[in-house]
Amino acid sequence: MDSIVTTERLVLAPHGIDDFDEMAAMWGDARVTPFLGGAAHNREDSWAQLLRYAGCWALLGYGSWCVRRRDTGEYIGSIGFLDAKRTGVAGFDGDPEIGWALAIAAQGQGFATEAVRGALGWGASRFRRTVAMIHPDNIPSEKVAAACGFAVFAEGRYKDAPTRLWEHRWPR
């Protein structure tokens with residue numbers, strides 16, 4: 001299937017209903033969300049997130065993937081492209097945003113970098129550019145972005161918090 005990405009250690013596949021409980025557990029962990037909207041999600045918020053993921057795939061032909069380990073099938077997070085119609089922050093210029101979040105147990109093992117590289121490989125024939133919006137205190141995500149070839153192109157504020165916009169351009 002064209003929407004499934006496989007890397008050395010990971011499988012990225014669009015989220016489905018069966019992923020909900022694990023996804024809700026990750027988004028419900030306040031240690032995961034300080035730079036991703038702040039408060040931990042309740043199950044209702046996580047359900048809305050799952051519907052957003054599915055809606056992006058259905059309406060736009062791209063979206064977020066459920067990230068699982070190839071060896072164990074363990075759910076470790078979400079990564080993908082979206083069009084969030086951000087207000088109050090300029091710089092997307094019609095290009096998709098990319099975002100990622102990993103469960104605490106999966107952090108610090110190179111999974112985010114591997115997943116982002118897998119997503120960028122998938123996007124190479126589909127997009128000319130993608131933008132990541134990263135809080136400047138989110139050093140691990142900034143390191144992932146830099147390792148994957150992103151560069152900062154703007155700084156600003158989003159929902160009363162500082163943000164940096166990072167872009168990745170595919171060679172044409």
- Item | Filter pass, G88 being farther than 19 Å from A105 by Cβ, touching a residue at least 24 places away in the same chain (Cβ under 8 Å), assigned to a strand (DSSP E or B) and of a type outside the set (A, V, I, L, M) | no
- Extreme residue, farthest from V89 (Cα to Cα), among residues of region 135-172 that are touching a residue at least 40 places away in the same chain (Cβ under 8 Å) and in a loop (DSSP other than H, G, I, E, B): R172
- Item | Among (1) surrounded by fewer than 22 Cβ atoms within 10 Å (Cβ to Cβ); (2) closer than 21 Å to T163 by Cβ; (3) in contact with a Lys or Arg (Cβ under 9 Å, 6 or more places away or on another chain); (4) not β-branched (V, I, T), the one test that D71 misses | (2)
- Query: What residue, among those in region 93-140 that are touching a strand residue (DSSP E or B) at 6+ places or on another chain (Cβ under 8 Å) and of a type in the set (K, R), is nearest to A24 (Cα to Cα)?
  - Reply: R129
- Message: Regarding region 31-41, can at least one residue be identified that is closer than 23 Å to T113 by Cα and surrounded by fewer than 12 Cβ atoms within 10 Å (Cβ to Cβ)?
- Response: yes
- Positions within region 138-163 being out of contact with any Ser or Thr (no Cβ under 8 Å at 6 or more places or on another chain), among the hydrophobic types (A, V, I, L, M, F, W, C) and under 14 Å from L36 (Cβ atoms), in sequence order: A161
- Going through (1) of a type in the set (D, E, K, R); (2) without any contact (Cβ under 8 Å) to a residue 40 or more places away in the chain; (3) out of contact with any Phe, Trp or Tyr (no Cβ under 8 Å at 6 or more places or on another chain) one by one, E114 fails only at (2)
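Would you confirm, using the coordinates I've provided, whether W100 is among the aromatic types (F, W, Y), out of contact with any Pro (no Cβ under 6 Å at 6 or more places or on another chain) and part of a strand (DSSP E or B)?
yes
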- Message: Need the failing condition index for L60 against (1) without any contact (Cβ under 8 Å) to a residue 60 or more places away in the chain; (2) surrounded by 15 or more Cβ atoms within 10 Å (Cβ to Cβ), just the number.
- Response: (2)
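We did not get these values from a lab; they are worked out from the coordinates using the rules stated. Predicted model only: the values in this text are computed from it and were never measured. All Cβ positions, even for glycine, are placed from backbone atoms using ideal geometry, and neighbour counts span all protein chains on display.
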